[in-house]
Amino acid sequence: MTLFLAKLIWFLGVAGWFTIRYRHQRRSRRTPKVRRFDRNREMLLLLISLSGMFFVPAIYILSGQPSFASYPFQPVLAWLGAATFALALWLFQRTHRDLGRNWSVTLEIREQHSLVTTGIYSRLRHPMYSAFWLWALAQALLLPNWVAGPAGLVGFGTLFFLRIGREERLMAETFGDEYRRYVERTHRIIPGVF
Ligand code: SAH
């Protein structure tokens, strides 16, 4: 493993993510919505997350900046990062498959929105966010730079912690006791733990 390969793996991971998301994004545009929740705030959170998971690492990969924050490349960490990215992508496509038309990039309720509690959602309430945490972790392991590496954890972490409570409130308002019972038997992002 070389630094060039680690950067290439990050890029391929992002391309894989884009490929998985593309057709869901297209279908999502055609599925009518009945409710949008905190639209402006959600857009700002998306921008913060995108900066940390895409723009900052892309700038580092293309220009080496910010160079003061770079540290020596460790092949073992990069291999771990590659494996973590693979796991993230696997989980990501499973969550998209299970959520189907109920998925939105922000907080929205669709016409004929149904509460998904099967597949990967039978154990976790937010497996797609678990996949993003894994991606952010993979980025930190792959890129030997104290700014570009952890930027994903900071960026996605901001979105996650400022969204999760409101998403669960929206779900509880929409699905009532069905959601409250679901909350009782599942965890948020780590099976059996959190
Ligand atoms: N937090 C989930 C989904 C992320 S997509 C995860 O991490 O896997 C965000 C959208 O999914 C929100 O607009 C919300 O309306 C919808 N959503 C979240 N959980 C859902 C569920 N269990 N069933 C159906 N839709 C859900």
> What angle do you read, to the nearest 10 degrees and between 0 and 90, between the alpha-carbon axis of helix 3-30 and the longest principal axis of the chain?
Replying inline: 20
> the range 141-194 to the range 1-46: how many Å between their Cα centroids?
Replying inline: 16
> Over the range 3-185, one equal point on each Cα, no solvent: what is log10 I(q)/I(0) by the Debye formula at q = 0.16, 0.17 Å⁻¹?
Replying inline: -1.00, -1.09
>> Within a 10 angstrom radius of the beta carbon, how do T84, T186 rank from fewest other beta carbons to most?
In response: T186, T84
>> If I model a spin label as a point 7 Å beyond the Cα along the Cα-Cβ vector, how far apart are those points for V34 and L47 in nm?
In response: 3.1
>> If packing is taken as the average count of other Cβ atoms within 10 Å, what order do 126-134, 56-64 fall into, highest mean first?
In response: 126-134, 56-64
> Lys/Arg Cβ at +1, Asp/Glu Cβ at -1, dipole of the chain taken about the Cα centre: which of F161, T19, P150 is farthest positive-ward?
Replying inline: T19
> What does the convex hull of the Cα atoms come to per residue for the range 8-101, in Å³?
Replying inline: 122
> In percent, how large is the relative contact order of the range 3-185, given Cα pairs closer than 8 Å and 6 or more residues apart?
Replying inline: 34
>> Give me V193, V105 sorted ascending by neighbouring Cβ count inside 10 Å, so fewest comes first.
In response: V193, V105
> At what distance in nm do the modelled label points of R181 and M1 sit from each other, each positioned 7 Å from its Cα along Cα→Cβ?
Replying inline: 4.6
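Bear in mind that the values in this text are calculations on the coordinates, not laboratory data. Small disclaimer: the values here were computed from a predicted structure and weren't measured. All Cβ positions, even for glycine, are placed from backbone atoms using ideal geometry, and neighbour counts span all protein chains on display.
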